[in-house]
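Written below as structure tokens is the structure these notes are about.
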Amino acid sequence: MKITKKKIYEKYKKRQPIVCLTSYTEPIAKIADKFADIILVGDSVGPVLYGYNSTKEVNMQLMINHAVAVSKSVKKSFVVIDMPFGTYEKSKSKALKNAKIILSNSGADAVKLEGGEKISENVKYLTSNNITVIGHLGMQPQSLDGNYKVFGRSREEKKQIIKDLKYLEDSGVMAIVLECTIKSLVKEVLRIAKVPIIGIGATVECDGQILVAEDLLGLSEFKSKFLKKYSNLRKIVSNSFFKFSEDVKNRKYPKRKHYYE
Ligand code: KIV
């Protein structure tokens with residue numbers, strides 16, 4: 001049965017952790033769907049699959065293409081798509097127009113946007129037009145050009161996150177991703193938050209956790225203190241390619257059983 005916004009809130013109210021994973025492709029989405037409450041088609045697709053220097057380089061069409069592949073493959077999970085950099089910040093009418101294009105062409109259930117106070121009017125306009133929005137605070141990759149760093153150590157950053165949190169809640173977001181920030185600040189955010197806080201590099205106390213699938217699988221080269229690699233797919237893939245290349249060079253593949261007679 002499809003996981004709805006309501007079901008996610010029920011989990012949150014019961015303090016049951018919300019499991020979130022990213023997916024950009026059909027094979028990963030089909031597996032993630034068995035375990036995730038929320039699947040995010042993240043703009044991390046740019047750096048992870050295309051080798052872009054930052055998430056800023058992805059565009060609407062690229063996000064839609066991947067979200068279509070994911071939405072078609074998912075039976076159960078709630079699907080969220082990142083709105084690309086430059087598509088929602090400048091004006092509320094542009095944000096709504098682009099959110100409608102992205103959602104109607106991708107089949108996703110909600111959009112995710114980075115930022116707080118500065119984009120809150122646009123977020124409010126989206127939610128008042130029945131668009132489900134997830135916020136993203138803490139480290140915001142779209143503003144960093146690939147130079148990722150822990151966010152929230154300074155007084156100004158701390159104050160700003162708390163302010164941003166309130167702005168986003170007042171704008172009607174469904175949940176907030178909180179990325180790469182320090183324990184004391186996470187604690188304060190969780191103390192005052194009225195919506196689920198999904199952590200990535202933001203302690204085990206969050207209402208849910210998200211990781212980029214290729215990172216946790218050990219397929220990407222991304223390194224971070226917060227990342228736990230649950231597999232070493234680079235090694236597995238490399239081993240398989242090595243064996244294939246040896247078989248080809250030694251004429252050991254294909255064998256008779258692989259022939260068409
Ligand atoms: O783009 C993405 O994959 C994300 C997650 C890291 C939360 O925003």
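Between the C-alpha center of segment 150-169 and that of segment 91-110 there is a gap of 27 Å. When each of the peptides 250-260, 50-60 is scored by how many other beta carbons lie within 10 Å of its residues on average, the order from highest to lowest is 50-60, 250-260.
For the chain, the antiparallel share of DSSP beta bridges with both residues in that region comes to about 5%.
For the pair Asn130 and Lys76, label points projected 7 Å from Cα toward Cβ lie 2.8 nm apart. Using 0.36 nm per residue and subtracting the Cα-Cα separation, the extra length available between Tyr148 and Ser184 on full extension is 11.0 nm.
For the peptides 194-201, 228-235, the ranking by packing is 194-201, 228-235, with the highest mean count of neighbouring Cβ atoms within 10 Å listed first.
Convex hull volume per residue, computed on the Cα atoms of segment 5-231, equals 111 Å³. Note on Leu144: accessible area is roughly 40 Å² with a 1.4 Å probe, heavy atoms of protein only.
For the chain, the per residue solvent-accessible surface stands at 55 Å², with DNA, RNA and ligands left out and a 1.4 Å probe.
The residues packed around Ser128, meaning those with a beta-carbon under 14 Å from its beta-carbon, carry a net charge of +1 if Lys and Arg are +1 and Asp and Glu are -1.
GNM on the chain, alpha-carbon springs under 10 angstrom: the most fluctuating residue among Ile192, Ile81, Ile38 is Ile192. If you sort Thr25, Thr181 by accessible surface, 1.4 Å probe, largest first, the order is Thr25, Thr181. With q set to 0.13, 0.27 Å⁻¹, the log10 of I(q)/I(0) for segment 147-227, from the Debye formula over equal scatterers at the Cα positions, is -0.42, -1.35. Counting Lys +1, Arg +1, Asp -1, Glu -1, what net charge surrounds Leu113 among other residues with beta carbon under 10 Å of its beta carbon? That works out to -2.
Distance between the modelled labels on Thr4 and Lys235, one decimal in nanometres: 4.5 nm (7 Å Cα→Cβ projection). Taking amide H as placed 1.01 Å from N in the peptide plane, the amide H of Lys112 sits under 5 Å from that of Ile81, Asp82, Met83, Ile134, each at least 5 places away or on another chain.
The values are calculated or read from the model by the stated rules, or taken from the named source; none is laboratory data. Computed from a predicted model, the values in this text were never measured in an experiment. Ideal geometry is used to build each Cβ from the backbone, glycine not excepted, and the neighbour counts take in all protein chains shown. The area values use the complete protein model at the heavy-atom level, side chains included, leaving out ligands, DNA and RNA. Shrake-Rupley method; radii C 1.70, N 1.55, O 1.52, S 1.80 Å.
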